[in-house]
Amino acid sequence: MNKGIYFLALGFSVLLLNSCAGVGAIVTITAFGAAGYEEVRNHNPDLKLEPISDYLKLPNIDLLSEYTSDKTNIKTSKDKKITKLDRADSTFGFDCSKLSGDLNRSKCFNDFSKALAQKDNNELNNPNIKQEKTIIHSKKADKTFKKPSLILVKKTPLKLASVPVKHIESWASAWEKRDIDSYISFYSEEFKGLKNHRGAWEASRLKALKKNSNISIKLSNIQVVQKEGERVEVNFIQKYKSDNYEDVGIKELLLEKKKSGWKIIKETWMPADTQKNDKQTADRKTQINKNLANWLKAWTNQNVSTYLSFYSDRFKASNRTLAKWKNSRRYALTSNKNLTIKLSDLQFSENKNTIEVNFIQKYSSDKHSDVGIKELVWSKFGNSWKILKETWISS
């Protein structure tokens, strides 16, 4: 019964003072307590009463926290005394509605407001608190926007030390067996050899493998050096021996790993006695260059007898006798007019008894023109050099 009367009086007070909402709310809170005011606001939405925090302008303050005026000397576990300011912060508000008397409740509310104002002012002027808040905010931000750690994928190095060595041994085995298809397969499609022409190089290797028999190849001191990308350089001492020829020297192979496996992209050969024979080689090349120039001059001038004199009596013509070949050359030289023949990119390869000369040949006359690679094998007979074999590959 008493509660009903209390509620009715409270509602009447709020309604009566609705025209002065701010003053009415403060008077109602002071007279009947925050709990009473909130009860009326929740049960009578038609009154459109604002929350207490809107009037007091103290957001997030709980006015319903327990307050006891005689707890001014509460001690913590470390016997530290808690003041009204500390209590305002820890309990987050006073429940002034439990005090008796309007003056007591009003004074309680004023004390609470002053305590909060003083606390805010102290925090505003305290640099340590500002710094602490900044650090706390920074830590929260770090948790929120923490970047994922980078995962470094360590590239596994290629196992180059063993694979190329076995590969080179297989290459040498195919060479010994004169298995031309297997031997050629060890080379990259871009490999052109010293002749700088894939077709010419394959033809010369086919000729060499068919020409020599009982081939023996021994490799020693094999060294593998990692190069850029997936390339390796393999160096070794190579001892070659066949029924017609033998030599010793250092060979260097540059290999690249492709989809089909390791392939040779470059090959370099240096005979062991290179320095010893440098002068002799220079003399031989000088003689061959001289002979080559005279051979070309005789051909261009269509001087048949001089031209044929550069060929050995043992000259090996393809699929015909030497006499038939000479007759065909006489006819070719005399039936064409305005001959122009140019040689370029000369390359030499030699052994004990022969010198191979490869070059690009451009031929033109009033009836025919072509471009290709020619190889002349010169052999020494007595004191002079003669052409023992001639190969032509049209490009």
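Considering only segment 292-310, state which residues are assigned to a helix (DSSP H, G or I) and without any contact (Cβ under 8 Å) to a residue 40 or more places away in the chain.
Matches in segment 292-310: Ala293, Asn294, Lys297, Ala298, Val304, Ser305, Thr306, Tyr307, Leu308.
The selection criterion, being under 15 Å from Glu267 (Cα atoms), surrounded by 13 or more Cβ atoms within 10 Å (Cβ to Cβ) and among the aliphatic types (A, V, I, L, M), holds for Val234. Of the residues Glu356, Glu267, the single one that is among the acidic types (Asp, Glu), surrounded by 14 or more Cβ atoms within 10 Å (Cβ to Cβ) and closer than 30 Å to Glu228 by Cα is Glu267. Scanning segment 330-358 for residues that are under 10 Å from Val377 (Cα atoms), modelled with pLDDT under 90 and charged (D, E, K, R) yields a single hit, Glu350.
The values are calculated or read from the model by the stated rules, or taken from the named source; none is laboratory data. Since this is a predicted model, take the numbers as computed values, not measurements. Cβ: placed from backbone, ideal geometry, glycine included. Neighbour counts: every protein chain shown.
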